[in-house]
Amino acid sequence: MRTPYVLTFIVALLGISLFAYGLAFARPDYLNAFKTLYAPKEGSALAKAGCLTCHVEMKDLKKLNPYGADLKKQLEKTKDITAALKAIEPLDSDKDGVKNIDEIKAGTLPGDPKSKP
Ligand SMILES: [Ca+2]
């Protein structure tokens, strides 16, 4: 009768591993740095986006949107998240004609061309 317990343990361990794997790609510390630096307007698309400010979908956090990709490139040059965020402010990552910093100030998504001021 020990088998079900072992199975439960394995399933739980697998769940925890997958969760940790997901967290390795989602960076809540980066999101916190973003929020601290910019304090997105409450109720704006940007404030609601959370992890999706940089990631394409929660199911596969390895996929980065254009803003997340630019941030990643910058983080290869500096490990300072605030410096990296500031460095990509003048870019228009999603090529919608609006600079990242202007999108952030407006509360729209700098990684989604369908979202702009
Ligand atoms: Ca946009």
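The values are calculated or read from the model by the stated rules, or taken from the named source; none is laboratory data. All values reported here derive from a predicted model rather than from experimental measurement. Note that we place each Cβ from the backbone using ideal geometry, even for glycine, and neighbour counts take in every protein chain shown. All accessible areas refer to the heavy atoms of the entire protein, side chains included, with ligands and DNA or RNA removed. Shrake-Rupley method; radii C 1.70, N 1.55, O 1.52, S 1.80 Å.
State all residues of the range 93-105 that are closer than 24 Å to Asp29 by Cα and either open to solvent by less than 40 Å² (accessible area, probe 1.4 Å) or near the ligand (Cβ under 6 Å from one of its atoms) (or both); if no residue qualifies, say none. Within the range 93-105, Ser93, Asp94, Asn100, Ile101, Glu103, Ile104 meet the criteria.
Of all residues in the range 48-70, those being open to solvent by less than 40 Å² (accessible area, probe 1.4 Å) and under 14 Å from Ile104 (Cα atoms) number 6.
Kindly indicate whether Lys59 is within 16 Å of the chain's Cα centre (by Cα) and either assigned to a loop (DSSP other than H, G, I, E, B) or not aromatic (Phe, Trp, Tyr) (or both). Yes. Pairing residues of the range 97-117 that are part of a helix (DSSP H, G or I) with residues that are more than 7 Å from the ligand (Cβ to nearest atom), at Cβ distances under 6 Å and at least 6 apart in sequence or on separate chains, gives Asn100/Ile88; Asn100/Glu89; Asn100/Leu91; Asn100/Ser93; Ile101/Glu89; Ile104/Tyr38; Ala106/Pro117.
Criterion applied to Tyr38, Tyr67 was being touching a helix residue (DSSP H, G or I) at 6+ places or on another chain (Cβ under 6 Å), among the aromatic types (Phe, Trp, Tyr) and at pLDDT 90 or above, and the one residue passing it is Tyr38. The set of residues from the range 81-92 being in a helix (DSSP H, G or I), open to solvent by 30 Å² or more (accessible area, probe 1.4 Å) and among the aliphatic types (A, V, I, L, M) comprises Ala83, Ala87.
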